[in-house]
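Following: one structure in structure tokens, then a few remarks.
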Amino acid sequence: MPLQGAGKQMKNKVGESCLKLKWNIQGIFDDIPAIGEQLESQISQIPENNINDKMKITKWVNQIKEINETIRYLKEHKLVELEQNLNYKFDEPDLFVLSFIQPSIKNLFAEVNKYYSKAGIDYNFEPYLNLDEAAKVLAFIGDAAIDLALAEVLWQPNISNVGDLSVNRSKIASNGNLARICDKWNMFDHRIPFIPNQSNAKTKTINHVKGTMVEAVFGIMYIESGLDDIITSIVSLK
């Protein structure tokens, strides 16, 4: 069975409205390896007695290498897995990667940006400084799209049963259930950047992070294809 999504025509007004929601994101992660290499070249230029700067930049280099490896894995493997789970074909791999971005990535690039400015190295870090906000927007859109899709799927013509829609929607769209789906799809361990001790946080906090990642995936689907494909794929959340 062919995957839904790529090249699909919008069938409704809600779907058509998503055509306005476009980002110029293709290739946004392409410079990350070069940033890491440039930072690595800076280490040899730092005086031997400046241990703090050497350690700081080495830490950044290692973080950037890990981020680049995760991005490669997501594009080559995880993308295909989720396409199969959702029966959907993603149009833009870089947009898919964005759903794994965590707020702490801004701290990393803010520090590197500050170092570049101090060292007189010209580079525009603005796109990287906004990655976390873009991921939040995807989750916001996905949250709304999931609610709309569930309303369509769970709708019953008898008004006496209207309470069932609210109850069932709450169960499916809850952070607890979305966190379960995140675990099922093995997304959490590939977040960017990966923070090892984050798993020790409170369950409510972890579930929120996991739920946000799943919502972001559905946000991508809405941006690319509109509501129809989400309605088709919403069964994957049950």
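The values are calculated or read from the model by the stated rules, or taken from the named source; none is laboratory data. A quick note: this is a predicted structure, and the numbers were derived from the prediction, not measured. Neighbour counts run over all protein chains shown; Cβ positions are idealised from the backbone, glycine included.
Odds and ends about this structure:
- Scanning the range 50-98 for residues that are at pLDDT 95 or above, of a type in the set (Val, Ile, Thr) and within 25 Å of residue 39 (Cβ to Cβ) returns 57, 58, 61, 64, 67, 70, 71, 97.
Matching residues to (1) of a type in the set (Asp, Glu); (2) assigned to a helix (DSSP H, G or I); (3) in contact with a Leu (Cβ under 8 Å, 6 or more places away or on another chain):
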| residue | (1), (2), (3) |
| --- | --- |
| 157 | no, no, no |
| 166 | no, yes, no |
| 177 | no, yes, yes |
| 186 | no, no, no |
| 213 | no, yes, no |
| 220 | no, yes, yes |
| 228 | yes, yes, no |
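- Selection status of residue 171, more than 29 Å from residue 104 (Cα to Cα) and either of a type in the set (Lys, Arg) or in contact with a strand residue (DSSP E or B) (Cβ under 9 Å, 6 or more places away or on another chain) (or both): yes
- Condition check for residue 102: of a type in the set (S, T, N, Q) and touching a residue at least 60 places away in the same chain (Cβ under 8 Å): yes
- All conditions in (1) of a type in the set (Gly, Ala, Ser); (2) more than 18 Å from the chain's Cα centre (by Cα); (3) surrounded by 20 or more Cβ atoms within 10 Å (Cβ to Cβ) hold for residue 99, with the sole exception of (2).
- Counted residues, the range 161-186 - those being modelled with pLDDT of 95 or more and touching a Phe, Trp or Tyr at 6+ places or on another chain (Cβ under 7 Å): 1
- Qualifying position, being on the phi < 0 side of the Ramachandran plot and either buried (at least 22 other Cβ atoms within 10 Å of the Cβ) or not aliphatic (A, V, I, L, M) (or both), among 186, 175: 175
- Filter result for residue 147 (of a type outside the set (Phe, Trp, Tyr), surrounded by fewer than 17 Cβ atoms within 10 Å (Cβ to Cβ) and either in contact with an Asp or Glu (Cβ under 6 Å, 6 or more places away or on another chain) or free of Cβ contacts under 8 Å to residues at least 40 places away in the same chain (or both)): yes
- Single condition residue 223 does not satisfy, out of (1) under 24 Å from residue 69 (Cα atoms); (2) surrounded by 21 or more Cβ atoms within 10 Å (Cβ to Cβ): (1)
- Extreme residue, farthest from residue 108 (Cα to Cα), among residues of the range 188-210 that are β-branched (Val, Ile, Thr) and assigned to a helix (DSSP H, G or I): 203
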